[in-house]
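Right, one structure below, let's go through it.
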Amino acid sequence: MTDPFDPLCDRLLGVEGGYVNDPKDPGGETIWGVTAAVARAEGYAGPMASMTRDQAKAIYRSRYWHKPGFDRIAALSSAIAAELFDTGVNMGPPEPSAWLQRALNVLNEGGRDFPDLKPDGQVGSVTVAALAAFLVKRGPLGEKVILAILNGFQAVRYVQIAEARPASERFEFGWIANRVVGP
């Protein structure tokens, strides 16, 4: 299977767009969706407005694809990996990783298909094995079910964010349209 990272990242960069410094956005100064805090943590020291698309892509590949193990998920399902990657960029990788683990736990037939997972937000070999077992048993429809559960968790989380911080309501429609409903 070909690594789906490049087309996934290109789509994400298109959604995130260029430089933004919206004082109402708690993420602060961003370019290509990379916040200043993440850029600095990843070693970028230049002005945020000058970060290139390739520099942003390198940060995404390292921090949001390889480090959380979404590349390992892509070997089983590029669609599930794409969902985890996109959500991980927007909310941090542990959040969608834990959602995947929770979804697998409620779909394992009471532990009959594979053992329950600890929803720790870390995609390791046990999570990958559980997803593999699930997809072997359930096939393409199983993949769609996992995606529906992940999107459900994501939509609920966006609503919770806006409820807790009313200033975020201005982003709600775009979050749901671009992240949950998709292109």
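Values computed for the structure shown
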read-out	value
L100 assigned to a helix (DSSP H, G or I), among the hydrophobic types (A, V, I, L, M, F, W, C) and touching a Phe, Trp or Tyr at 6+ places or on another chain (Cβ under 7 Å)	no
Scope region 18-41; condition part of a loop (DSSP other than H, G, I, E, B) and over 13 Å from V89 (Cβ atoms); matching residues	G18, Y19, N21, D22, P23, K24, D25, P26, G28, E29
Failed item in (1) touching a Ser or Thr at 6+ places or on another chain (Cβ under 8 Å); (2) not assigned by TED's automatic domain parsing to the domain that holds Y158, with V38 passing the rest	(1)
Test: residue in region 146-164 that is among the acidic types (D, E) and surrounded by 15 or more Cβ atoms within 10 Å (Cβ to Cβ)	no
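The values are calculated or read from the model by the stated rules, or taken from the named source; none is laboratory data. All values reported here derive from a predicted model rather than from experimental measurement. So basically every Cβ, Gly included, is an ideal-geometry build from the backbone, and we count neighbours across all protein chains shown.
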